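Just so it is clear, none of the values below were taken in a lab; they were calculated from the coordinates. What you are looking at is a predicted structure, and each value in this text was computed from that prediction instead of being measured. Cβ coordinates were reconstructed from backbone atoms using ideal geometry, including for glycine residues, and neighbour counts include every protein chain displayed.
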Amino acid sequence: LLYSALVNGGFKEARQGRITAAAKEAFIALGAALGYDDRAIEKELSELVAEFARKTPYRTRFFRFLANAVVRSGTPVILMPLTYGDSENVDISWGNPVVLESVSGDRLTPRIRIRRRDGVSELSVEEFAKEFSTSEFR
């Protein structure tokens with residue numbers, strides 16, 4: 001699927017928040033084959049397109065994986081956000097550190113505690129991944 005999204009100019013389209021017709025058809029067919037309804041497929045497709053359009057795609061997936069690992073292992077992790085601009089405007093800067101800790105929750109709805117300079121919050125792994133990848137990494 002990712003290959004079909006990027007082949008024949010698809011990478012340029014994806015970077016601009018669009019997806020080629022061939023990639024869209026492949027995504028819809030895959031979703032239908034996996035048993036998803038049309039609304040769920042469209043929702044996931046729009047999230048994929050939004051992710052491709054970001055300067056740093058795939059962050060939500062990475063932070064979901066990391067938060068789940070913290071929950072499973074019980075080992076806290078300290079995140080040090082670092083941004084470096086882009087090739088035309090290099091600007092290295094550190095964000096505020098964030099500590100992730102496991103919180104009780106079942107395997108289907110794992111929760112994580114987030115300690116930041118401005119306080120402590122608890123979120124589901126999914127909520128954390130989406131919020132952190134969009135707020136800390138623009």
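Any chance you could run the full-extension gain for GLU131 through ALA33? It's 0.36 nm times the residue separation minus the Cα-Cα distance, nm to one decimal.
Working: separation 98, 0.36 × 98 = 35.28 nm, distance 3.00 nm.
The span from GLU131 to ALA33 would gain 32.3 nm if fully extended.
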> Going highest first, how would you order 128-134, 38-44, 68-74, 115-121 by mean Cβ packing within 10 Å?
Replying inline: 128-134, 68-74, 38-44, 115-121
> In terms of Cα to Cα distance under 14 Å, which aspartates and glutamates are near enough to LYS12, apart from those fewer than 8 places away along the same chain?
Replying inline: GLU51
